[in-house]
Amino acid sequence: MKPPIAATEDYSSTFHGDTRPDEYFWLRSKDETRVREYLEAENAYTDSLTSKELEQELYDEILSHIKETDTSAPWRWGPYEYYTRTEQGKQYGIHCRSRDGVEEILLDGNERGEGQSFYSLGMFDLRDDHALLAFSEDTTGGESYTVRFKDLATGELLPDELTGTYYSSAWTNDGTSLYYTTHDEQMRPYRLWFHRLGTPQSEDVLVHEESDERFGLGVSKTQSRRFITFTMESAVTSEEWFAPADEPTREFQVIEPRRQDVEYYAANHEDRFLVWTNDTGRNFRLVEAPVSDPSRANWRELVPHREDVKLEAVLAFKDFLVRYERADALPRMVVSSVTTGEEHVMEMPDPVYTAFPSVNAEYETSRFRFGYTSLTTPVSTYDYDVGTRQRTLIKQQEVPGGFDAATYESDRIWATAPDGTRVPISLVYRKGTKRDGTAACWLYGYGSYGASLPVSFSPARLALLDRGLVYAIAHIRGGGELGKRWHEEGRLLHKRNTFTDFIACAEHLISEKYTSPDRIVIHGGSAGGLLVGAVTNMRPDLFFAVIADVPFVDALNTILDPSLPLTQGEWEEWGNPIESEEVYSYMKSYSPYDNVEAKSYPNILALGGLNDPRVSYWEPAKWVARLRAKKTDDNVLLLRTNLGAGHMGPSGRYEAIREIAFVYAFALDLLEKRRVQS
């Protein structure tokens, strides 16, 4: 079967005197028959080149490492233990609680998702009296949710329905009302509403509308359950407001008015707010302020700014605090006593790991629930007694199918970027894997928005490791692994550091004989798709295959179009090429679609979602069309668009496993063919 050839049209755009052709602009017309037909033709071509036998083998193998009928670690709130369980053969979780050992099903995702090609549960918000559940659902993948209310005594749904909502919500303490957010046409959560049960959505009270299109809005309730807070946040600036949760009609009060390039976030502890802010240093300090007047004039410093440690969050319990920090490219949790001020760092068993706060629903407690995982340790849930410093394992992810952690080895190595910066790489491989350059390597990266890639266990990844692959995570600049500076040195006019860091990681893996250029598979999704697209243009000789998952590859065209979802909020991450010729030229120098050339490229698989509100389906479609027209090699180039989902991919767990098996099969089939040919 021959690959489909996309038609070209004479279309171009002009900015700052620069006219750029965009011959595949027509692919943006989602509702046109020819667009659907082209995407379906690409899907058929991809299907014709997929090894169905290998895909099924991988699917069965991955599934063999997953306990299909399972229960999450239960967490206590009041008289109940809450948990989610799964049943073999069913796509979605079943949300439950128990009291005195008697189970009660709160919401069965399989019943709610029956007959839907896509189903996603958004927020799941229990009222404080445990009698009513507010939950939201999306059936397209477009991330626009409808909120419904369930009476847990009768099992009946209330007539109230709230449409066009986003992810966050908060109940008032009297249980009569719910705060929630709605999004605009650009999918920006910008309005906060007050809904009183039993009234139509048309009568809901607009509490706040955020007019600055760089900012999104989220609402929540503090751990103490004393306050409702809502936060407006851009990439580099934030502002937080609060009101007593017991007085839902009272107006909200700002903690501190926003200042450009200053972020702060707050937790409530008794009659004070604990505020972590980067007002005096980019890695944040911790201050306290009285609830009566928490403005900056009353801030008292508790933990100063540290250049080598980033303070990321604070959890406040009645008798102790937990600071979630990042140092030496690793997370850490610091527990401090409220009464004595004594503090200690919670010890972790592995040299490279991810640890994170889990569900902690109760304010008055002596225990802290956290999660732990590493590249060789399945996800584990612990209760930590802050007085005795003893941890109790509540549940560890069970991995059937003969998994033995001692069979695998993980490591942390460092590459050196062109400017001399040391870049961490996390590795895992099967013990006995030869360090002679013959092993294949799966290299994953992201590097945007200050996000730190978790070093976590994956049952699916065993299918790669058991076939002799080295799995590597490149913790490149643009992420947050080494604090705020790590983000700053990989955004705006420093964005190319993200790409050269990744290339340096690949070169280091080669020089250390973990792998060779003809054996490296690179993988990235969303902004990570921009990463793999950019480095493929820059160094196509360095990689064997490229997997670009919902990739942000038409970056310049997207950031030039403020009508698209999220664009205006992205200008603080990438720059505004409309107003700045320098930003325009800089983005043009790396935007993957703009830099496709007549040269040899690696094997490429691009994945998109037709209903994706974050990275439009046409970005991978246009990229593949231009690559197919210009590339000079005979390597495989495939596009698969999920015609019934969005940015997060398929919603059902078995469909998600099927997609992983498909992606793995693409790479492993090509690697095996290369091995045979050599």
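The values are calculated or read from the model by the stated rules, or taken from the named source; none is laboratory data. This is a predicted model, so every value here is computed, not measured. Reconstructed Cβ throughout: ideal geometry from the backbone, glycine too, with neighbour counts over all protein chains shown.
Could you say which residue among 44, 7 is outside any helix (DSSP H, G or I) and either touching a strand residue (DSSP E or B) at 6+ places or on another chain (Cβ under 7 Å) or not polar (S, T, N, Q) (or both)? Give the steps one after another, and end with the answer.
Values: 44 fails: outside any helix (DSSP H, G or I).
The unique qualifying residue is 7.
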Filter region 215-252 down to the residues that are charged (D, E, K, R) and assigned to a loop (DSSP other than H, G, I, E, B), then identify the one that is nearest to the chain's Cα centre (by Cα). 225
Residues that are at pLDDT 95 or above and either over 20 Å from the mean Cα position of the chain (by Cα) or loosely packed, with under 14 Cβ neighbours inside 10 Å (or both), drawn from region 349-369: 360, 361, 362, 363, 364, 365, 366, 367, 368, 369
Name the one entry in 532, 550, 521 that is closer than 26 Å to residue 434 by Cα and either at pLDDT below 95 or among the aliphatic types (A, V, I, L, M) (or both). 521
Those residues of region 10-25 which are in a loop (DSSP other than H, G, I, E, B) and over 17 Å from residue 587 (Cβ atoms) amount to 10, 11, 23, 24
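Assess whether residue 289 counts as being more than 27 Å from the chain's Cα centre (by Cα), assigned to a strand (DSSP E or B) and either surrounded by fewer than 18 Cβ atoms within 10 Å (Cβ to Cβ) or at negative phi (or both). First the steps, then the outcome.
Details: more than 27 Å from the chain's Cα centre (by Cα): yes; assigned to a strand (DSSP E or B): yes; either surrounded by fewer than 18 Cβ atoms within 10 Å (Cβ to Cβ) or at negative phi (or both): yes.
So residue 289 passes the test.
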When residue 431 is evaluated against the numbered criteria (1) in contact (Cβ under 8 Å) with a residue 60 or more places away in the chain; (2) farther than 30 Å from residue 222 by Cβ; (3) surrounded by fewer than 18 Cβ atoms within 10 Å (Cβ to Cβ), which criterion, by number, is the only one it fails? (1)
Return yes when residue 251 is of a type outside the set (Lys, Arg), free of Cβ contacts under 8 Å to residues at least 40 places away in the same chain, surrounded by fewer than 19 Cβ atoms within 10 Å (Cβ to Cβ) and out of contact with any His (no Cβ under 8 Å at 6 or more places or on another chain) and no when it is not. yes
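Can you confirm whether region 407-415 contains a residue that is buried (at least 20 other Cβ atoms within 10 Å of the Cβ), aliphatic (A, V, I, L, M) and touching a helix residue (DSSP H, G or I) at 6+ places or on another chain (Cβ under 6 Å)?
We begin by selecting, within region 407-415, every residue buried (at least 20 other Cβ atoms within 10 Å of the Cβ); these are 408, 410, 415.
In the following step, the residues that additionally are aliphatic (A, V, I, L, M) were identified as 415.
Still in the list and also touching a helix residue (DSSP H, G or I) at 6+ places or on another chain (Cβ under 6 Å): 415.
Yes, that holds for at least one residue.
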Considering region 509-540 alone, what residues qualify as being surrounded by fewer than 18 Cβ atoms within 10 Å (Cβ to Cβ), among the polar types (S, T, N, Q) and within 24 Å of residue 672 (Cβ to Cβ)? 516
Per-region count, region 446-475, residues in contact with a strand residue (DSSP E or B) (Cβ under 9 Å, 6 or more places away or on another chain) and either among the hydrophobic types (A, V, I, L, M, F, W, C) or assigned to a helix (DSSP H, G or I) (or both): 12
If you check every pair at least six apart or on different chains, which have Cβ atoms under 7 Å apart with a residue in region 289-302 that is over 13 Å from residue 254 (Cβ atoms) first and a residue that is assigned to a helix (DSSP H, G or I) second? 290/298
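Just to verify a result, which residue in region 47-86, among those that are of a type in the set (D, E, K, R) and outside any helix (DSSP H, G or I), is farthest from residue 119 (Cα to Cα)? Steps first, please.
In the first step, residues of region 47-86 are kept if they are of a type in the set (D, E, K, R); the result is 47, 52-53, 55, 57, 60-61, 67-68, 70, 76, 81, 85.
Applying the additional criterion that residues be outside any helix (DSSP H, G or I) yields 67-68, 70, 76, 81, 85.
Details: 67: 22, 68: 19, 70: 20, 76: 27, 81: 26, 85: 17 Å.
Among those that are of a type in the set (D, E, K, R) and outside any helix (DSSP H, G or I), it is 76.
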Scan region 63-85 and report the pairs whose first residue is among the charged types (D, E, K, R) and whose second residue is crowded, with 16+ Cβ neighbours inside 10 Å and in a loop (DSSP other than H, G, I, E, B), with Cβ atoms within less than 6 Å and a gap of 6+ or a chain change. 81/74
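In region 272-286, which residues are within 27 Å of the chain's Cα centre (by Cα) and more than 18 Å from residue 338 (Cβ to Cβ)? Quick ask: steps written out before the conclusion?
If we filter region 272-286 for residues that are within 27 Å of the chain's Cα centre (by Cα), which is where we start, we get 274-279, 281-286.
The answer is 277, 278, 279, 281, 282, 283, 284, 285.
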Looking only at region 210-226, which residues are in contact with a Leu (Cβ under 8 Å, 6 or more places away or on another chain), of a type outside the set (A, V, I, L, M, F, W, C) and either surrounded by fewer than 17 Cβ atoms within 10 Å (Cβ to Cβ) or under 17 Å from residue 565 (Cβ atoms) (or both)? 210
Answer from 393, 311, 321 - the residue that is more than 24 Å from residue 480 (Cβ to Cβ) and either outside any strand (DSSP E or B) or not polar (S, T, N, Q) (or both): 393
Would you mention how many residues in region 476-513 are of a type outside the set (Phe, Trp, Tyr), in contact (Cβ under 8 Å) with a residue 40 or more places away in the chain and part of a helix (DSSP H, G or I)? 17
Would you be able to say whether some residue in region 277-286 is in contact with a strand residue (DSSP E or B) (Cβ under 8 Å, 6 or more places away or on another chain), closer than 27 Å to residue 172 by Cα, in contact (Cβ under 8 Å) with a residue 12 or more places away in the chain and not basic (Lys, Arg)? no
Meets criteria (touching a residue at least 40 places away in the same chain (Cβ under 8 Å), touching a helix residue (DSSP H, G or I) at 6+ places or on another chain (Cβ under 8 Å) and among the hydroxyl-bearing types (Ser, Thr, Tyr)) for residue 234: yes
For region 589-639, what are the residues that are closer than 17 Å to residue 49 by Cβ and either β-branched (Val, Ile, Thr) or free of Cβ contacts under 8 Å to residues at least 12 places away in the same chain (or both)? 604, 624, 634, 636
